[in-house]
Amino acid sequence: MKVFWTKNSVMGEESPDLSEDPEYSQRLQCALHGHSYTSPAAQLSVTYAPRSVSVSISPSVVIVEGDSVTLSCSSDSNPPAEISWFKGGRFVGSGRIYSISNISSDHSGEYKCKSRNEHGEKYSDALTLNIMYPPRSVSVFITGSGEIVEGDSVTLSCSSDSNPPALNFSWFKENQSSAVGSGQSFSALQSGRFYCEAHNQHGSQRSDAVTVTVKVHPGADMNMIAIAAASGGSFIIIVIIIIIILFIMKRIKRRSTIQEYETDDRSASSYAALDLKSRSNDLYNTLTTVPPTPAVHQ
């Protein structure tokens, strides 16, 4: 007598091989060929450890700082499994759903869930959260010293933390509205305070300013003296000529004064000589009027 089996109300082959059937929980009945009678249903329930464990994410588009994200864990097990969540090996939550609100770059990393029941456990493959954010921590580094000699240059480098990495950099000098350069590096040729601004598709940020000082070249002082001497040579010559002329005029004037004095002195001497003669006559007359002294006889 031939026996037929009914699985989940569907008549199948004789003596079905349940080991090859993935549906371990089934409702089975049997019936004899040629008879309408069917046996009462027997519920077959096979327990097993978790399998087919996986993680899905919503939304699945690009995730930017400030967004909200939901992770879902699915698994096949009997009895139903308990779900745990891990980030890089560290436990972060439990339940089939793991939600993150106001997400930030700190949430970036690999997430996986673990499905566990009394028959075993299984981990899902890791899902990587890649959080996008605008540039931050933008700073300028100086190669070498911020002091350079006139004619040389100093290299400034701009760095930032951003996702994706910033590819556009602009350079500014304080108190100037327009950019003075672009690129991650910039060569400063003049004194001033410079800063950079980093850009990606999610925003931009500028750095603090750094000071660049340009010193005069040591040989520049001598060059300035030479230039001053060349440009002022004519003036110096004119001044020297004027001094010589004034000196000569002073000497001429002094000689004239001496000659006038000598002329006046000779005239006075001649007059004195003439006057002496007249006085000599008076003296002579006076002497002639004095009577002779009587001779004394011994």
Flagged pairs (Cβ under 7 angstrom, 6 or more apart or on separate chains; first in segment 71-94, under 11 Å from LYS114 (Cβ atoms); second outside any strand (DSSP E or B) and not small (Gly, Ala, Ser)) are CYS73/ARG96; ILE83/ARG96
Report yes if some residue within segment 71-92 is among the aliphatic types (A, V, I, L, M), within 13 Å of SER56 (Cα to Cα) and modelled with pLDDT of 95 or more; otherwise report no. yes
_Condition (residue is modelled with pLDDT under 80 and either within 30 Å of SER177 (Cβ to Cβ) or in a strand (DSSP E or B) (or both)) applied to segment 229-251: is it met by at least one residue?_
no
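Given the criteria over 23 Å from the mean Cα position of the chain (by Cα) and over 23 Å from ASN200 (Cβ atoms), does GLY93 qualify?
For GLY93, the condition - over 23 Å from the mean Cα position of the chain (by Cα) and over 23 Å from ASN200 (Cβ atoms) - is met.
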**Asked** Based on what the data block shows, is ALA198 of a type outside the set (Phe, Trp, Tyr) and either part of a strand (DSSP E or B) or free of Cβ contacts under 8 Å to residues at least 12 places away in the same chain (or both)?
**Response** yes
The correct count of residues that are of a type in the set (D, E, K, R) and touching a Gly at 6+ places or on another chain (Cβ under 9 Å) in segment 96-111 is 1
query: Does SER160 satisfy the condition of being crowded, with 19+ Cβ neighbours inside 10 Å and under 13 Å from the mean Cα position of the chain (by Cα)?
result: yes
Restricting segment 41-72 to residues that are touching a Ser or Thr at 6+ places or on another chain (Cβ under 6 Å) and surrounded by 13 or more Cβ atoms within 10 Å (Cβ to Cβ), the one farthest from TYR133 (Cα to Cα) turns out to be PRO50
Of those in segment 73-128 that are β-branched (Val, Ile, Thr) and touching an Asp or Glu at 6+ places or on another chain (Cβ under 6 Å), the residue surrounded by the most Cβ atoms within 10 Å (Cβ to Cβ) is ILE103
*Scan segment 130-148 and give yes if some residue there is free of Cβ contacts under 8 Å to residues at least 12 places away in the same chain, assigned to a loop (DSSP other than H, G, I, E, B) and surrounded by fewer than 16 Cβ atoms within 10 Å (Cβ to Cβ), otherwise no.*
yes
Of a type in the set (A, V, I, L, M) and modelled with pLDDT of 95 or more, is that true of ILE148? no
Look at SER178 and say whether it is touching a Pro at 6+ places or on another chain (Cβ under 9 Å) and either in contact (Cβ under 8 Å) with a residue 24 or more places away in the chain or of a type in the set (S, T, N, Q) (or both).
no
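The values are calculated or read from the model by the stated rules, or taken from the named source; none is laboratory data. What you are looking at is a predicted structure, and each value in this text was computed from that prediction instead of being measured. No Cβ is skipped: glycine too gets one built from the backbone with ideal geometry, and neighbour counts run over all protein chains shown.
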